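Below you'll find the structure, written out as structure tokens, and then a few comments.
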Amino acid sequence: MPPSGAFGWLCVAHSVADIAFRAAQIRSAQALPKPSLPVTSSSGPQSFEPRPYSTKGVDSTPRVPGSDVHEQSNLPQDVRSITAFKDDPLSPRLSGNTQSDPIEPTPSFSPVDSPKPEPAIARNLHSSKVPSSKLGRLFHYGGLAASLGYGAATEIIRRSTATSSGTPQGPVMMTEANIKRLVSKLSQMRGAALKLGQFMSIQDTHTLPPEVDKIFRRVQDSAHYMPDWQMEEVMSSALGPLWSDNFTSFDRIPFAAASIGQVHTAVLRASISPTGREERVAVKIQFPNIASSIASDIGYVKLLLTAGQLLPKGLFLDRTIQVMKDELADECDYSREARSLKRYGSAELLGQDSRFKVPWVWEGSTDRVLVMEHVGGASVGELSVSTLPQEERNEIAKRIIDLCLRELFQFRLMQTDPNWTNFLWNSSTWQVSLVDFGATREYTKEFMDTWLRILQAAAIEDRAACVEWSLKLGYLTGEENEIMLNAHVDSMILLATPFRSSTSQPFSFGHGSPWAEITGQIRARIPIMLQHRLTPPPRETYSLNRKLSGAFLLASRLGAVVNTKKLWDDVVDGYQFGA
């Protein structure tokens, strides 16, 4: 449910306590002498490689909630914070610098960015209890609102007493300190709050004010994992109190954590393995009560985002949030994801395509715990991949773009999360492993017919047909002015450039390429569309555009050269409308 009056009173009460506490801190700091030398850490970069953690002989009795506040202090130094990647990766690579900043921003998945290749940024994961009750989550959001209000008040006082420099200043709510407060709290809360940040950060960053974009970019690169006692409770609830009997070993420290769950490595017993042998598996464990907290969490976050009227009107936040709520509800159902995995692994889709690897699923999986084959490879967004030979990078980009087109116009079923960590490249087998199917969407024949008509019209630069089919699909209302119509059609034609007959092939992506110039032109039209748009885009296009844009952005990151027109023709020429 959305925030009620209790939320406001809780904020007021928390504000009084918070301000009093901070005032005491300031007075204490003023009374104490300042240290003459800065404190430094002698610990350098460390790596953590997970070792099999046998579940036999281990005390797995759930601990009292709250007893693990300082749980990490009892762990070895090399596992107090562990490196992971952005969202539910199943790659086994865990080495990284444990001293890296956990809120360092990362490149977002934008259809109009063509960044130079850069290293994948490591994150620190921290163990913290997931607030699972409605009252507990309400308290955390109330505390966040109070802290943000205190930060804004402090900034107002600072500006009123500071000498004006003439430089434009941002909103008082979006100070660096408040941004850090938001990132820290959203990362701790997980669930819809963290997913909204990830969802928004994958959209084109130029649609958001820079202060808001900074929050979403940092949130995407932040995550916490459950303390051991809480993980034990979830596993016992999902698989029974003897859940550990299913595994010969189970690593209780996750190698990845994201918005709705965390991922562990384990070895499945031969007696229940689909292959009849012991098999290394990835175990995705959902955070407790995440699914039931979606509506209330989004209500709180929306209230925080709209309080300062920071978001542009053309973003249509209500529609964006509703789409995200529906998608997140689907992603919380691991049984649904298991069915999608099986569909992709069938002979009708990718089961007989040696270019791709789809992991099998253990039949004992539930709607909150998903056990699947552990696959190897490097995330296609890692630096190690971006420095591969040109031929290999071309092949990776070619396969991802080809898969997108086949998903759209052959399968009408698409895994819509473009996160690079969902695609692993195995240089030994030359296979792309697909490891996350929570965001799988199915499209109707009627919708896909119309959407393909728009792309075909854009590819032949038929502006009238672009407008006609955009009206039928719901991109336009028919009441738009010429400025909006021109910006919309221009963007569609530019986006279809790789598939035009007049475009030189193979098509070059990356820094300094024709695609970089095209994305710059699209970027220039985004503010115009945000200002003059009269209706939100069709709900199906949120996920569809996100995936297609992500594929082009990956090709840019790899600096790939791909015959995109041939890929288009091979898939689209056999499409039958209305059948």
Volume per residue, Å³, of the convex hull around the alpha-carbon atoms of the stretch 466-557?
104 Å³
Rounded to whole Hz, the Karplus (6.51, -1.76, 1.60) HN-Hα couplings of the stretch 449-465, x for glycine and proline
4, 5, 5, 5, 4, 5, 5, 5, 5, 5, 5, 9, 6, 8, 5, 5, 5
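With respect to the cross-link table entries 302/325; 325/472; 398/547; 284/445; 357/547; 325/547, which display a Cα-Cα separation exceeding 23 Å?
Table pairs above 23 Å Cα-Cα are 325/472; 284/445.
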When a/c reaches 1.5 or more, the comparison of a/b and b/c decides; with that in mind, is the stretch 356-512 rounded, prolate or oblate per its Cα gyration tensor?
oblate
For the stretch 319-329, Karplus-derived ³J(HN,Hα) couplings (6.51, -1.76, 1.60; θ = phi - 60°; whole Hz; x for glycine and proline) come out as 5, 4, 5, 5, 4, 5, 4, 5, 5, 5, 4
Using the Karplus equation 6.51 cos²θ - 1.76 cosθ + 1.60 (θ = phi - 60°), what ³J(HN,Hα) coupling, rounded to whole Hz, does each residue of the stretch 484-490 give in order, writing x for Gly and Pro?
5, 4, 5, 5, 5, 5, 4
Can you give me the C-alpha center-to-center distance between the stretch 500-550 and the stretch 325-388, rounded to a whole angstrom?
27 Å
Counting only residues 5 or more apart in sequence or on a different chain, those whose built amide H sits under 5 Å from that of residue 440 are 416
For residue 356, what residues show an amide H to amide H distance below 5 Å, using hydrogens built from the backbone and excluding near sequence neighbours?
432
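Hey, got a sec? Which chymotrypsin sites (Phe, Trp or Tyr not before Pro) in the stretch 407-459 land in a DSSP loop and have at most 13 other Cβ atoms within 10 Å? Could the numbers behind the result be given before it?
On the way: sites: 409, 411, 420, 423, 425, 430, 437, 443, 447, 451; in loops: 430, 437, 443.
Those satisfying the criteria are 430.
Around residue 478, what is the net charge, scoring Lys/Arg as +1 and Asp/Glu as -1 over all other residues with Cβ under 14 Å from its Cβ?
That sum, taken over residues with Cβ under 14 Å, equals -2.
From the Cα gyration tensor of the stretch 514-579, with a ≥ b ≥ c the square roots of its eigenvalues, which class applies: rounded if a/c is under 1.5, or else prolate if a/b is larger than b/c, or else oblate?
oblate
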Range of Cα positions in the stretch 253-305 per principal axis (Å), largest first:
52, 20, 14
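Coordinate-derived values only; no laboratory data. If you're wondering where the values come from, they're calculated on a predicted model, not measured in any experiment. No Cβ is skipped: glycine too gets one built from the backbone with ideal geometry, and neighbour counts run over all protein chains shown.
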